[in-house]
Amino acid sequence: MENKIKLHDRYFKVMIPAEKIDEAVANVAERLNKDYAACAKPPIFVSVLSGSFMYLADLTRKVDFCNEIAFVKISSYEGTQSTGEIRQHLGIDFDITGRDIIIVEDIVETGHSIKHMIEYLRAKNPRSVEVCTLFFKPDKYLYDLPIKYRAMEIGNEFIVGYGLDYDQIGRNLKDIYVVTNE
């Protein structure tokens, strides 16, 4: 396992190895299996692109229930900082009325994106909307909206890998890396 890498102008070191990520994903899948196994209609996983694609792929391979998958694309980041402004580039183009929706996110920090997604989806009259995130930063979260399925809670560090990027690179890394000054 490579301990230190360079992406653009910054160095990163391993923070969470792939094995721990896989264990956390399996734990969330187990909870989802309990909560959604008896649904009359298959729940819809709504993946927030681009960061959540690896999490979604691993998560949906670990759930036992039938499901559907949809993708939305929103953005709020430039470099290592959130702009606080949500831009939606791709949305749901089919009827989700009366359906159970599970928003799949790579990371929930301030909650601006999740608030936007919940409002956007609730306007389409689903039966339920829940949030399922790989990483949650409780110290940065600004809302009271529930994040029911949290794979891992982390601090305020900037991370890359397993779908998360630094200026569009690093998504392919199997481990999670954190910026280092070493």
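Just the number, please: Stokes-Einstein D of the chain in µm²/s, Kirkwood Rh from C-alpha pairs, 25 °C, 0.890 mPa s. Once the numbers are plugged in, D ends up at 146 µm²/s.
Rounded to the nearest 20, the Cβ-based charge dipole of region 19-154 about its Cα centre (Lys and Arg +1, Asp and Glu -1) stands at 320 debye.
Across region 49-66, coupling constants 3J(HN,Hα) worked out from phi with the 6.51/-1.76/1.60 Karplus curve, θ = phi - 60°, read 7, 9, x, 8, 4, 5, 4, 4, 4, 5, 5, 5, 6, 9, 8, 9, 9, 5 Hz, and Gly and Pro carry x. Extents of region 119-182, taken as max minus min of Cα coordinates on every principal axis and listed largest first, are 49, 24, 19 Å. Per-residue 3J(HN,Hα) values for region 94-101, derived from phi via the Karplus relation 6.51 cos²θ - 1.76 cosθ + 1.60 with θ = phi - 60°, read 9, 6, 10, 3, x, 9, 8, 10 Hz in sequence order (x marks Gly and Pro).
In the chain, taking the dipole from charged Cβ atoms about the Cα centre, the farthest positive-side position among 32, 162, 48 is held by 32. Normalising by residue count, region 2-78 has a Cα convex hull of 113 Å³ per residue. Residues whose amide H falls under 5 Å from that of residue 68, counting only those 5 or more places apart or on a different chain, are 44, 45, with hydrogens built in the peptide plane.
Farthest toward the positive end of the dipole of the chain, out of 7, 101, 152, is the Cα of 101, where the dipole comes from beta carbon charges about the Cα centre.
Values quoted throughout were computed directly from the atomic coordinates according to the rules given, and no laboratory measurement underlies them. Note that the structure is a prediction, hence the values are computed from the model and not measured. Heads up, the Cβs are rebuilt from the backbone with ideal geometry, glycines too, and the neighbour counts pull from every protein chain shown.
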